[in-house]
1. Please give me the summed charge of the neighbours of B:A68: other residues whose Cβ is under 14 Å from its Cβ, Lys and Arg +1, Asp and Glu -1.
2. In segment B:15-144, if every C-alpha pair distance is counted and binned at 5 Å from zero, what percent goes to each bin?
3. Give me the one-decimal nm value for the distance between modelled label points at B:R49 and B:A29, 7 Å along each residue's Cα-to-Cβ direction.
4. In degrees from 0 to 90, rounded to the nearest 10, what is the angle of the helix B:116-133 Cα long axis to the longest principal axis of chain B?
5. Could you report the accessible area of B:K138 in Å², rounded to 10, computed with a 1.4 Å probe on the protein chains as they sit in the structure?
6. Take every residue in peptide A:44-53, count the Cβ atoms of other chains within 10 Å of its Cβ, and give the average of those counts.
7. Set the Förster distance to 35 Å, then compute FRET efficiency between A:S21 and B:A143 from the Cβ-Cβ distance, nearest 0.05.
8. Give a residue-ordered list of calculated ³J(HN,Hα) values for segment B:68-80 (Karplus: 6.51 cos²θ - 1.76 cosθ + 1.60, θ = phi - 60°; whole Hz; x for Gly, Pro).
Amino acid sequence: MSGRFPVHVQLFGKHREIVGSSVVELELEAGGTVADLRGLLAAHPVLGGWLGGCAIAVNRRYERDESVVAVGDEVAIIPPVAGG
Amino acid sequence: MSSVGERHGEATPVGVVVAEVTESELDGAELLRRLGDSSDGAVIVFEGRVRDHNGGRVVVRLHYDAYAGMAADVLQEISREALARTGASAIGVQHRIGSLEPPSVSLVVAVSAAHRRPAYEASAYVIEELKRRLPLWKREEYADGTSEWLGGHTPEAGARGDAMVMRGTE
C-alpha cells in the first residue's frame, strides 16, 4: 500500500486553547509512525512550539515513537497531565 | 472477622466498583456506600480538594479538562493494578471535571480492605498513578483575572500497566 491518509488529532488543555479548535487534521503516509506524526505536528505553525513533554495516544493508549498509526485510529496529543 | 494470622488479600474480592470522570458533585461518603457491605476491617475515603492558593497566588477557580473516554479507561486500569498489588478488596474512584471553586472536591478515592495496610497502599497508589498518567488537565484562574494551565507529568508509553494487570487476578 502507498499514499496518504487523513489523521484527526484530538487536542486538549492548552493546545485546544492556542489552536482554537479541538482537533487538527494531518495527512500521514501509509505505514507512518508516531514519530512521523510528531514530525508533522512539530511543523504546525501554532502547535510546533508547544510539544515539549507531550505524549501521543493512539486508540486511547500511550504509544511509543515506533508504533504505526493506521487508517481510522483515534489519535490525541497529550500535554503533561495534571490530575488530582 | 479476620484472625490475627490472616494474610492481606484474603478478603472476598469485589473489584473496581466505580472508575469515572464526571461533571457531577463528588461525595466520598456516597462513594464508600457504593463499595457495598463487607466484613473488611479497613475503609479509607480520600477527598482531594481545590486549594485557594498556589505558589503564592490566590486561586479563585480551577477548570478541569479531560480526554474523557481514555480517562475512564486509565482510572479503571490503575484501580485494577492497585487491587492486584495490595490485595485490597474494593476500590471506587471519581475525578470531577469542569469549573470548580475552592474548596470543592475534585477527586474521591474509596478503598475497602481486610486490613489498614493494603487500604492505605491502594489509596496512595491510585492517587500517585493518576497524577502520572490520567489524561486530565487543569487551568488555574487567579484573583487578578489571569489564568494558567498547570504543568505536570509526561505519561510514559506502555505505562497503562499491562504487565501489572497480567500479574493480577483477572
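1. On the way: positive: A:R16, A:R60, B:R96; negative: A:E74, B:E20, B:E23, B:D65, B:D73.
Net of charged neighbours comes to -2.
2. Binned Cα distances yield the sequence 2, 12, 21, 22, 18, 12, 8, 4, 1, 0, 0.
3. With each label point 7 Å from Cα toward Cβ, the separation is 1.5 nm.
4. Taking the Cα atoms of chain B, the angle to B:116-133 is about 40 degrees.
5. B:K138 has an accessible surface of roughly 30 Å² with all protein chains in place.
6. On the way: counts 0, 0, 0, 0, 0, 0, 0, 0, 2, 5.
Counting Cβ atoms of other protein chains within 10 Å of each residue's Cβ and averaging gives 1.
7. 0.70
8. Per-residue couplings from phi come out as 4, x, 5, 4, 5, 4, 5, 4, 4, 5, 4, 5, 4 Hz.
The values are calculated or read from the model by the stated rules, or taken from the named source; none is laboratory data. As the structure is a prediction and not an experimental result, all values here were calculated from the model. Heads up, the Cβs are rebuilt from the backbone with ideal geometry, glycines too, and the neighbour counts pull from every protein chain shown. To get the accessible areas, we keep the full protein, side chains included, count just its heavy atoms, and leave off ligands, DNA and RNA. Shrake-Rupley method; radii C 1.70, N 1.55, O 1.52, S 1.80 Å.
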